[in-house]
Amino acid sequence: MEFSVLSNEMLSLHPLRPDDYDALFQVASDQAIWAQHPDFNRYQPEGFTLYFTKLLQTDMPYLVIDEADQSIIGATSFYQFDKERKRVAIGFTFLATAYWGGGFNRSLKTLMIDYALQFVDTVVFHVREKNFRSQAALAKIGAKKVAEYPAPADPTTLQFEYTIEKANWPHPVSS
């Protein structure tokens with residue numbers, strides 16, 4: 001799986017660099033973005049620094065760019081790429097609240113899933129039990145909940161695993 005710039009008519013994904021910290025923090029500093037997230041303090045410098053550091057350590061972290069005005073509107077990542085098992089996870093995703101409900105999340109996920117399924121058979125999403133907004137968004141794109149287990153970072157909460165299988169994905173995928 002090659003990691004490169006991805007784009008569609010609504011947005012583009014550009015590889016995240018360490019010097020993107022300040023620009024991305026400006027977007028992430030809205031408390032509402034993190035309200036249902038277990039790390040709800042990511043809108044503050046300490047919490048965001050931990051998130052940004054983890055994001056940079058994933059297989060391919062991206063800035064999410066609005067194609068209309070080229071502004072940074074969030075971040076996302078491919079992580080846990082497993083070539084042998086033909087699986088990759090998508091996550092560490094957030095969008096500015098101005099981009100909620102307007103099709104941007106669906107466009108983002110579709111872009112990433114379509115790309116990933118050229119190389120893998122399964123796309124995985126990890127969501128905490130109280131992140132209802134993300135659970136609803138995954139259901140809308142056809143992801144299936146396949147597991148729940150104690151969250152690795154906090155065993156007092158549950159983490160849900162959702163998947164999309166290549167055979168069940170409704171969009172054309174070339175192999």
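The values are calculated or read from the model by the stated rules, or taken from the named source; none is laboratory data. Owing to the predicted nature of the structure, the values given are computational and were not obtained by experimental measurement. Here the Cβ is made from the backbone with ideal geometry for all residues, glycine too, and neighbour counts use every protein chain on show.
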Failed criterion for VAL120 (all others in (1) touching a residue at least 24 places away in the same chain (Cβ under 8 Å); (2) out of contact with any Lys or Arg (no Cβ under 9 Å at 6 or more places or on another chain); (3) among the β-branched types (Val, Ile, Thr) hold): (2)
Hits in region 100-118 - residues which are surrounded by 15 or more Cβ atoms within 10 Å (Cβ to Cβ) and assigned to a loop (DSSP other than H, G, I, E, B): LEU117
Being part of a loop (DSSP other than H, G, I, E, B) and surrounded by 12 or more Cβ atoms within 10 Å (Cβ to Cβ) is the filter here, so list the residues in region 131-158 that pass it. ASN131, ILE141, GLY142, ALA143
Being surrounded by 15 or more Cβ atoms within 10 Å (Cβ to Cβ) and out of contact with any Asp or Glu (no Cβ under 7 Å at 6 or more places or on another chain) is the filter here; which residues of region 4-20 pass it? LEU6, LEU13, HIS14, LEU16, ASP20
Select from region 13-71 the residues that are hydroxyl-bearing (Ser, Thr, Tyr) and assigned to a helix (DSSP H, G or I) and write down the one among them that is modelled with the lowest pLDDT. TYR43
Lone unmet requirement of (1) within 15 Å of the chain's Cα centre (by Cα); (2) among the charged types (D, E, K, R); (3) surrounded by fewer than 14 Cβ atoms within 10 Å (Cβ to Cβ) for LYS54: (3)
Taking ARG87 and the conditions (1) closer than 24 Å to PHE52 by Cβ; (2) out of contact with any His (no Cβ under 7 Å at 6 or more places or on another chain); (3) surrounded by 12 or more Cβ atoms within 10 Å (Cβ to Cβ), which numbered condition does it fall short on, given that it satisfies the others? (1)
Residues in region 159-175 that are assigned to a helix (DSSP H, G or I), at pLDDT below 90 and more than 21 Å from ASN105 (Cα to Cα) total 0
